[in-house]
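The values are calculated or read from the model by the stated rules, or taken from the named source; none is laboratory data. These numbers come from a predicted model, not from an experiment. Here Cβ is always computed from backbone atoms with ideal geometry, including for glycine, and neighbour counts include all displayed protein chains.
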Amino acid sequence: MASHGRPGSVRKMKKGPTIGTGGHGRKSLEGKGPTPKAEDRPYHKAYKSKELAERSAAKRAGGRNAGTGRTKGKAAEEVVTGRNSVVEALRAGIPAKALHVAIRVEMDDRVRESLKMATERGIPVMETGKPELDRMTDGAVHQGLMLQVPPYEYADALDLVDETIDRHKRGHIGNAPLFVALDGITDPRNLGAIIRSASAFSSHGVIVPERRSVGVTASAWKTSAGAAVRVPVARVGNLNAALKSFKEKGIFVLGLDGDGDVSLPELSLGRDPICIVVGSEGKGLSRLVRENCDQIVSIPIDSAMESLNASMAVGITLYEVSRQRAV
């Protein structure tokens, strides 16, 4: 029978009664429920913003190793952003994973110098779109330049001490083991300056706790002026436990504090294996660290000056130890 509908259509004719669905099609009539929140819809801008925030939070949380034993930890990967900062970081010899340059970036002397130094050092140069740079830098001002800094490889403190003692016994190093330990220092510039002094006065390593302490960040690298390449930095889960182990291995632990038992010029342990411990400028040495020190050493200063910056105190002490060892 021909159809009287629109041309080309075929209309099926119903033939007799049909069997029902028995309720199986009921769900198709119920709808899909309430509309999801904007942040739960994958193609919505709010969803992408939420994902970015979660990634940023995870990245920040991953910056610390929460272990308490003898660990060989890593710092979180960092980025250096902005033309001046990138140039200074490359000049300081900071290890870099890649240099990201925005597509069609406006060239100036800083961009040219960055590209030249990266090429000379064999650092991969990546041309990256601005949206991707914005994402990688968490929206920081990057001016079309970003340097990826790989995680710092920390030494194991007790292994470093054992190796240094062994090298000294074998005559591979002339001076007795000399270490610097940090207690509660959180400013990366202080750490960088201490590493620089440690390198200048032949220290064999710098010890930092895993918690409530600064790590080797890009800022610390830059302040050290490349010395972080020459002086190993080791991490310990528990500074007090590490100091006790050092003492068992024959290393004298000297704490720096304004009201010390010994004045620095009267120090008699300069030629012995020693670990110099410095606290933060505000709080100084913690109580337990003081109790684990063999001596508390003070640096004579003008009475009008309350205290010295931690890195300055370490530099002066290392100079005196170096002077004694040279005599």
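Can you tell me which residue is modelled with the lowest pLDDT among those in segment 133-167 that are polar (S, T, N, Q) and farther than 15 Å from VAL233 by Cβ?
Filtering first and then ranking leaves THR137.
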Among the candidates ALA220, ALA228, ALA313, residue that is closer than 30 Å to VAL87 by Cβ, in contact with a Leu (Cβ under 6 Å, 6 or more places away or on another chain) and in a helix (DSSP H, G or I): ALA220
When you go through (1) of a type in the set (Val, Ile, Thr); (2) touching a residue at least 40 places away in the same chain (Cβ under 8 Å); (3) buried (at least 16 other Cβ atoms within 10 Å of the Cβ); (4) in a loop (DSSP other than H, G, I, E, B) one by one for ILE123, which number turns out not to apply? (2)
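Looking at LEU158, is it within 30 Å of LYS249 (Cα to Cα), surrounded by fewer than 19 Cβ atoms within 10 Å (Cβ to Cβ) and in contact (Cβ under 8 Å) with a residue 40 or more places away in the chain?
yes
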From the residues in segment 231-266 that are of a type in the set (A, V, I, L, M) and in a loop (DSSP other than H, G, I, E, B), which one is surrounded by the most Cβ atoms within 10 Å (Cβ to Cβ)? ILE251
Within segment 105-113, is even one residue over 24 Å from CYS293 (Cα atoms), in contact with a Gly (Cβ under 8 Å, 6 or more places away or on another chain) and outside any helix (DSSP H, G or I)? yes
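Got at least one residue in segment 146-158 being under 27 Å from ALA241 (Cβ atoms) and assigned to a helix (DSSP H, G or I)? Spell out the reasoning first.
Residues of segment 146-158 that are under 27 Å from ALA241 (Cβ atoms), as a first pass: 151-158.
When the remaining residues are screened for being assigned to a helix (DSSP H, G or I), the result is 157-158.
Checking segment 146-158: at least one residue is under 27 Å from ALA241 (Cβ atoms) and assigned to a helix (DSSP H, G or I).
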Return yes or no: is GLU120 at pLDDT 90 or above and among the acidic types (Asp, Glu)? yes
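Looking only at segment 159-166, decide whether some residue is among the β-branched types (Val, Ile, Thr), assigned by TED's automatic domain parsing to the domain that holds CYS293 and part of a strand (DSSP E or B).
Checking segment 159-166: not a single residue is among the β-branched types (Val, Ile, Thr), assigned by TED's automatic domain parsing to the domain that holds CYS293 and part of a strand (DSSP E or B).
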Across segment 287-300, what is the number of residues that are surrounded by 15 or more Cβ atoms within 10 Å (Cβ to Cβ) and in a loop (DSSP other than H, G, I, E, B)? 4
Note on segment 159-181: residues out of contact with any Leu (no Cβ under 7 Å at 6 or more places or on another chain) and under 16 Å from VAL277 (Cα atoms) are VAL161, PRO177, LEU178, PHE179, VAL180
Can you tell me how many residues in segment 203-227 are in contact with a strand residue (DSSP E or B) (Cβ under 9 Å, 6 or more places away or on another chain) and within 22 Å of ILE173 (Cα to Cα)? 5
Just to be sure before I move on: is SER307 over 19 Å from GLY205 (Cβ atoms), part of a loop (DSSP other than H, G, I, E, B) and modelled with pLDDT of 90 or more in the structure I sent? no
